[in-house]
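To keep things clear, I will list the structure first and then write my remarks on it.
The values are calculated or read from the model by the stated rules, or taken from the named source; none is laboratory data. Everything numeric in this text was worked out from a predicted model, so none of it was measured. Every residue, glycine as well, gets a Cβ built from its backbone with ideal geometry; the counts of neighbours run over all protein chains shown. Ligands, DNA and RNA are excluded from the accessible area calculation, which covers all protein heavy atoms including side chains. Shrake-Rupley method; radii C 1.70, N 1.55, O 1.52, S 1.80 Å.
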Amino acid sequence: MLFRSLYLVAWGDDRNGGEYDIYGARVNLSGAVLDPGGFPISSAKNLQFRQRIAWNNQDFFVVWRDCRGDPNNVMCDIFGARVTPKGIVRDPNGIPISFGAASERQPVIATDGSGYLVAWEDARNGLMDVYAARINSNGQVLDPDGIAVCQANGEQ
């Protein structure tokens, strides 16, 4: 059994000229910041924001809303990256979790201690529905088209 001896904090940061990137910093159990100033998790073009984190007893997984494909920062996608307890970003270009012609937003993440489940709002059907995808511990998206969680009338 692995024991987590630190936390990961992630935030949107515009230090590189006005477009938010995702940065992270490790904090030990005593509250000491191990990465003063943070380290980049995603610095793709355009905006990256709305980050969330989960821990699966091996790596942290950070998910976020990513607008790298739209200079207007409207038609955004969901990306993620694994970060080791040593602060190494295993997926420096990000893992595309949901990307399509419609916008995806508001990602959330959970873990069963091994893999991850990422859910988000998705406008592929015209209104916002809820979709999800399973991701294994190797960063492979098991549901590349997403799982329709809720497509009720109206927006979710």
> Of the residues that make up segment 23-30, is at least one closer than 27 Å to GLY100 by Cα and of a type in the set (S, T, N, Q)?
Replying inline: no
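Of these, ASN73, ASN57, which one is over 22 Å from GLU19 (Cα atoms) and modelled with pLDDT under 95?
ASN57
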> Applying the selection to segment 91-120, what residues are of a type outside the set (S, T, N, Q), within 13 Å of the chain's Cα centre (by Cα) and under 27 Å from LEU34 (Cα atoms)?
Replying inline: ASP91, PRO92, GLY94, ILE95, PRO107, VAL108, ILE109, ALA110, TYR116
> Looking at segment 1-10, is at least one residue out of contact with any Leu (no Cβ under 7 Å at 6 or more places or on another chain), over 19 Å from GLY146 (Cα atoms), part of a strand (DSSP E or B) and open to solvent by 30 Å² or more (accessible area, probe 1.4 Å)?
Replying inline: yes
>> Any residue at all in segment 143-156 that's surrounded by 15 or more Cβ atoms within 10 Å (Cβ to Cβ), on the phi < 0 side of the Ramachandran plot, in contact (Cβ under 8 Å) with a residue 24 or more places away in the chain and not in a loop (DSSP other than H, G, I, E, B)?
In response: no
>> Being over 20 Å from ARG68 (Cβ atoms) and open to solvent by 20 Å² or more (accessible area, probe 1.4 Å) is the filter here; which residues of segment 102-118 pass it?
In response: VAL108, ALA110, THR111, ASP112, GLY113, SER114, LEU117
> Does ALA133 satisfy the criteria of being touching a Ser or Thr at 6+ places or on another chain (Cβ under 8 Å) and in a strand (DSSP E or B)?
Replying inline: yes
>> Please count how many residues of segment 57-79 are touching a residue at least 12 places away in the same chain (Cβ under 8 Å), among the polar types (S, T, N, Q) and out of contact with any Lys or Arg (no Cβ under 9 Å at 6 or more places or on another chain).
In response: 1
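Which members of segment 113-130 meet the condition of being outside any loop (DSSP other than H, G, I, E, B) and either of a type in the set (Ser, Thr, Tyr) or over 14 Å from ALA148 (Cα atoms) (or both)?
Residues of segment 113-130 that are outside any loop (DSSP other than H, G, I, E, B), as a first pass: 116-122, 129-130.
Once the filter is applied, which keeps residues that are outside any loop (DSSP other than H, G, I, E, B) and either of a type in the set (Ser, Thr, Tyr) or over 14 Å from ALA148 (Cα atoms) (or both), segment 113-130 yields only TYR116.
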>> So VAL130 passes all but one of these: (1) out of contact with any Asp or Glu (no Cβ under 8 Å at 6 or more places or on another chain); (2) open to solvent by 30 Å² or more (accessible area, probe 1.4 Å). Which condition number does it fail?
In response: (1)
